[in-house]
Amino acid sequence: MANNSKIPATLIPGDGIGPEVSEATLRILEAVGAPFEWERQIAGMAGVEKCNDPLPKETLDSIRRTRLALKGPLTTPVGGGYRSSNVRLREEFNLYANLRPARTLVPGGRYEDIDIVLVRENLEGLYVGFEHYIPIGDDPHAVAVASGVNTRAGARRICEFAFEYALKNGRKKVTLVHKANVLKALTGLFLEAGREVAKQYEGRIQCDDRIIDACAMQLVMNPWQYDVIVTTNLFGDILSDLNAGLVGGLGMAPAGNIGVNAAIFEAVHGSAPDIAGKDMANPLALTLSAAMMLDHVGHQDKAARIRKGIDQVLREDNIRTGDLGGKAGTREFTAAVIKRVS
Ligand code: NAD
């Protein structure tokens, strides 16, 4: 239940544009009176530079304490170097649910009024990476075999998450997306578990199901029929990018990685080294991730104020950063949002 007591949370400003978009987000959170008490920590390149560790123990200990984090983008070296701190964080804290809302923010795009939330299972399915080759003759890669793993417990857990999310956020319908006509065991189990979970919510949240290929086609033809979608890891990976494409791309896409013991909210974009330190970054993805964090801790009212303020700045004030075709810098854009939400 939301109240005014302080909520300890870990802040990882991140690399590149991370510190700029984090600062902007903190100021917007402050303007709506968000109750977070921040523990500032480092990871990624900042961790390597300061203590030769992309995921320092202090950072992990902080998230273990607070169980809640807002994370700016982290730079990962390409081809060699250290492993992605983002992936390590998801594994370390068993963050089984990936929550990706896609909502039209800037009018005049290909589709208007999109508002779809995709819930992706984050730890199972074909993503477990159980793969091997079978050599034949002199071809060591003659055959490739991959095994997927879905568990009833894992499927139930993610479907329950989706229905609970729907209930708490005033959503009407959850669609289970699968390929149970062909992958009868792997995704049949997911569908079976999802239908069991749906029974617990009968009369409160509607439920239907779609085969993944039909769902992809319908998302392009008539996306408005979807509300909350829940699906397995690989399908979720693909559909969440498809949904981001419906609302103008990944640039403003927020995300939450949620587990039993912790939740980490982050922008989908990276550290954008090309524009770092130039007052050009769009802070919206991280700010919208922070709004999801407010929802998560029961402060939906404050999250709604942030979303409404952003809508007003983009649609009525017509103030936009360069990536959205505007002229405003990070600071000017942030000031406009603060004025609207205050
Ligand atoms: P990127 O998302 O950082 O940048 C791609 C393009 O989008 C660039 O032109 C950039 O200027 C632009 N852009 C990104 N965010 C923007 C914003 N908020 N406002 C305006 N423009 C924005 O992707 P990349 O260049 O492939 O990756 C850079 C680094 O970020 C790499 O080290 C990569 O590993 C890392 N990365 C981290 C995360 C994460 O922490 N979750 C995600 C993706 C990439």
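With a requirement of 1 or more residues that are within 16 Å of the ligand (Cβ to nearest atom) and among the acidic types (Asp, Glu), the strands (runs of 3 or more DSSP E) lying completely within region 223-281 that satisfy it span 263-267. Out of all the residues in region 311-328, is one or more under 27 Å from Ala198 (Cβ atoms), assigned to a helix (DSSP H, G or I), more than 16 Å from the chain's Cα centre (by Cα) and not β-branched (Val, Ile, Thr)? No - not one qualifying residue is present in region 311-328.
Of the residues screened, Glu124 is one that is surrounded by 18 or more Cβ atoms within 10 Å (Cβ to Cβ) and away from the ligand (no atom under 12 Å from the Cβ). Only strands (runs of 3 or more DSSP E) whose full extent lies in region 1-83 are considered here, and the ones with at least 3 residues that are buried (at least 16 other Cβ atoms within 10 Å of the Cβ), modelled with pLDDT of 95 or more and within 16 Å of the ligand (Cβ to nearest atom) are 7-12, 68-71. When residues in region 18-62 are screened for being of a type in the set (A, V, I, L, M), more than 20 Å from the chain's Cα centre (by Cα) and within 16 Å of Arg331 (Cβ to Cβ), 1 of them pass.
Considering Ala146, Ala142, the condition of being in a strand (DSSP E or B), of a type outside the set (Val, Ile, Thr), farther than 18 Å from Gly194 by Cβ and free of Cβ contacts under 8 Å to residues at least 12 places away in the same chain is satisfied by Ala142 alone.
Filtering region 168-182 to residues that are out of contact with any Gly (no Cβ under 7 Å at 6 or more places or on another chain) and either modelled with pLDDT of 95 or more or surrounded by 18 or more Cβ atoms within 10 Å (Cβ to Cβ) (or both) leaves Arg171, Lys172, Lys173, Val174, Thr175, Val177, His178, Lys179, Asn181, Val182. Does Ala291 qualify as being surrounded by 19 or more Cβ atoms within 10 Å (Cβ to Cβ), part of a helix (DSSP H, G or I) and touching a His at 6+ places or on another chain (Cβ under 8 Å)? In short, no. For region 89-97, does any single residue satisfy the condition of being under 14 Å from Ile229 (Cβ atoms), within 16 Å of the ligand (Cβ to nearest atom) and not aliphatic (A, V, I, L, M)? No.
The values are calculated or read from the model by the stated rules, or taken from the named source; none is laboratory data. Source: prediction; values computed, not measured. Every residue, glycine among them, receives a Cβ derived from its backbone with ideal geometry; neighbour counts consider all protein chains shown.
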